[in-house]
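Just so you know, all these numbers are worked out from the coordinates, no wet-lab data involved. Note that this is a predicted model, so its numbers are computed, not measured. Every residue, glycine as well, gets a Cβ built from its backbone with ideal geometry; the counts of neighbours run over all protein chains shown.
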Amino acid sequence: MIRPLASSVSLALAVLLVLTMGSAASAQPADRPDIIVIYLDDADPHDGRLWSDPARTPTLASLFGQSGVRFTGAISETPLCSPGRAGTLTGLHTSNHGVDANVAEPFDPRVTIATELHEAGYQTMLVGKYLNKVRPQIPTDELPRHAEGWDAFDILYEANVRYYDYDMWDRDGIEHYGDDASDHSTLVTKRRLVNHLSDARTDKPVFAFASIHDLHEPNTPPQEYEGDERCWSIGRWAPPSYGADVTGKPEHIRERRERQRPGWSLKAYCEEMLGVEEMASALVRVQKERGRLDDTIFILTADNGSTWGIHRLPQRKGVPYATPVPLTFSWPERWGDEVIEVGEVVSNIDLAPTLCAIAGCEMGPFPDGPATADGLSLLPLLDGETDHLERTVVREQSGPGYPASPEFWAIRTTSQHLLGRYHYIEYDTGERELYDSVGDPWELVNLAVGDDHADIVAQLSDELHLEFPELK
């Protein structure tokens, strides 16, 4: 579907952006948009109630609920925190960036979206969560190596998730935050990032990555939002996969007890999102003060999804039902001020190539790795030049040893696949799942059981093994 740009101003911006993409060296930094990513932790896209209600989260609703290009088929290749983050930062498959578990040590920071955008003339900032287990796996004297490419690198220096009582590292040293109400990590991330943006030059574009713990368990909102009446009326999450028959599911699902409650409570998540709303409002305000608001792309996404009660699972990731993530790009000056939904299957590893396409750079080459990113630029989809990308499958896999599920490998077929849209999964137990992604989006009927779809299972199994040659 081809969509017109929003206005003559947008047309001028589009022409100018095409010119900047021709050569990063010849691009004028001030002509390119600022980019601000709000990066949630463990957030399933659901129905968007957590960020789309203007009565609760007016800024988030304006940016992502009532406008923007929304990718309804977005997934995270590996539904775990650190692998998801490594894929987002590099655009590489998990097998290429090497972070297949919730650890920091294997990550190679020499080529990331930060290094490439910085070289292209962007001021780069990461504030908040970086990877899991930064301490103790990355000693403080090695952190400057990870900060390469980032003009500001203020990271939560902890092994586990903490909303209070944690340390934050930057190039000036380590600062501890305790139990004071203002010490909630989302609010600290907000303050630090706003300060960096306020100090940033306005003649050079900015890339800011606001990486927060919300909505990760233990789901602790800022103290001022605990019990907030705006969240009293939010209904429970009860899609068809909540309380559904699990016949045909793998054993690790069938052996779980059926959930008795009439749905999964969203109250704590809603209260957390009030803190995220406070941050988003502050980011919009500072960009307006800098005179850059109309030239800012806001992006909402997450490192991985979460199950939140579906298929008898509690708040879990690391399973093939936790790969869907929110992904919305908001830039009214170019993409208009209405919601545009794109149904193509896309991956978190597509984000870095997309941002580089906008900034006038290219991801790679990677030391000891591929020449370019494994992900693809979403810019043609964002601009409405096409409704698909030139690939037939998108990968998914878990990390080893995650307790929510046996290890799995999966593919989702795209609109370009001759069979149509399917989600196919193989576990290290030998079990398999196959779902019709169009006719059965909630994945209620496992078509891999029985012989009726044996030909499809066989073909997709062959394609899966081509994507993952390490499988026997």
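For a quick check: with amide H placed at 1.01 Å from N, whose amide H comes under 5 Å from Leu126's, ignoring anything fewer than 5 positions away on the same chain?
For Leu126, the qualifying residues are Ala152, Phe153, Asp154, Phe209.
Of Met273, Ala120, Pro441, which is farthest towards the positive pole of the chain's charge dipole, taken about the Cα centre with +1 and -1 on the beta-carbons of Lys, Arg and Asp, Glu respectively?
Met273
Under the Karplus relation 6.51 cos²θ - 1.76 cosθ + 1.60, θ = phi - 60°, what is the ordered set of whole-Hz ³J(HN,Hα) values for the stretch 71-76, x standing for Gly and Pro?
Coupling constants for the stretch 71-76: 8, 6, x, 6, 9, 9 Hz.
Could you line up Asp199, Asp172 from fewest to most neighbouring Cβ atoms inside 10 Å? Write down the numbers at each step before the final one.
Values: Asp199 10, Asp172 7.
With the fewest neighbours first, Asp199, Asp172 line up as Asp172, Asp199.
Where nothing but the Cβ of Lys and Arg (+1) and of Asp and Glu (-1) is charged, how large is the charge dipole of the stretch 236-389 around its Cα centre, in debye to the nearest 20?
Computed about the Cα centre, the dipole is about 1100 debye.
Please list, ordered by chain and number, the residues whose modelled amide H lies under 5 Å from the amide H of Asn304; skip anything fewer than 5 residues away on the same chain.
Asp42, Ala43
Just to check I understand the Karplus step: with θ = phi - 60° and J = 6.51 cos²θ - 1.76 cosθ + 1.60, what whole-Hz values come out for the stretch 341-347, glycine and proline as x?
9, 10, x, 4, 6, 10, 10
Determine ³J(HN,Hα), in whole Hz, for all residues of the stretch 43-58 in sequence, where each value follows from phi through the Karplus function 6.51 cos²θ - 1.76 cosθ + 1.60 and θ = phi - 60°; x replaces Gly and Pro.
Per-residue couplings from phi come out as 10, 6, x, 6, 9, x, 4, 6, 9, 10, 9, x, 6, 9, 10, x Hz.
With the cut-off at 1.5 for a/c, could you classify the stretch 283-344 from its C-alpha gyration tensor as rounded, prolate or oblate? Walk me through the numbers on the way to the answer.
Working: a/c = 4.15, a/b = 2.25, b/c = 1.85.
Note, shape of the stretch 283-344 comes out prolate.
Considering amide H positions built from the backbone, and no H for Pro or chain starts, which residues 5 or more places from Trp237, or on another chain, come under 5 Å of its amide H?
Result for Trp237 returns Trp264, Ser265, Leu266.
Note down the net charge around Pro406, summing +1 for each Lys or Arg and -1 for each Asp or Glu among other residues with Cβ under 9 Å from its Cβ.
It works out to a net charge of -4.
For labels at Glu148 and His465 in the simple 7 Å Cα→Cβ model, what's the distance in nm?
4.0 nm
Which listed residue (Leu215, Ser182, Gln287) has the Cα farthest towards the positive end of the charge dipole for the stretch 8-391, taking +1 on Lys and Arg C-beta and -1 on Asp and Glu C-beta about the Cα centre?
Looking along the dipole axis, the top candidate is Leu215.
So for the chain, if I pair up every lysine 8 or more residues apart or on another chain, how many of those pairs have alpha-carbons under 29 Å apart?
17
Based on the alpha-carbon gyration tensor of the stretch 107-180 and its eigenvalue square roots a ≥ b ≥ c, which shape applies: rounded if a/c is under 1.5, prolate if not and a/b is larger than b/c, or oblate?
Prolate shape, in that a/c is at least 1.5 and a/b is the bigger ratio.
Show me the three semi-axes of the equivalent ellipsoid for the stretch 30-148, from the C-alpha gyration tensor (sqrt of 5 times each eigenvalue), largest first, rounded to whole Å.
For the stretch 30-148, the semi-axes come out at 28, 19, 14 Å.
Could you tell me which of rounded, prolate or oblate describes the stretch 248-371, using a ≥ b ≥ c as the square roots of the eigenvalues of the alpha-carbon gyration tensor, with rounded for a/c under 1.5 and, failing that, prolate when a/b is larger than b/c and oblate otherwise?
oblate
About its Cα centre, how strong a charge dipole does the chain have in debye, to the nearest 20, once Lys and Arg get +1 and Asp and Glu get -1 at the Cβ?
600 debye
Out of the trypsin sites (Lys or Arg not before Pro) in the stretch 229-324, which ones are loop residues according to DSSP with at most 10 other C-beta atoms within 10 Å?
Arg257
Under DSSP H, which helices of the chain have Cα atoms covering 24 Å or more of the helix axis and a Kyte-Doolittle average no less than -0.5?
For the chain, where a helix must reach 24 Å along its axis and average at least -0.5, the hits are 267-289.
Quote to one decimal, in nm, the extra length available between Arg201 and Arg261 on full extension: 0.36 nm per residue of separation minus the C-alpha distance between them.
16.4 nm is the gain from fully extending Arg201 to Arg261.
Can you give the calculated 222 nm mean residue ellipticity of the chain, where each DSSP H run of n ≥ 4 adds -39,500 (n - 2.57) and the sum is split over every residue, rounded to the nearest 500 deg cm²/dmol?
Only helices count here, giving -7000 deg cm²/dmol.
Which number do you get for Rg(Cα) / (2.2 N^0.38 Å) in the stretch 8-391?
So the stretch 8-391 has a normalised radius of gyration of 0.94.
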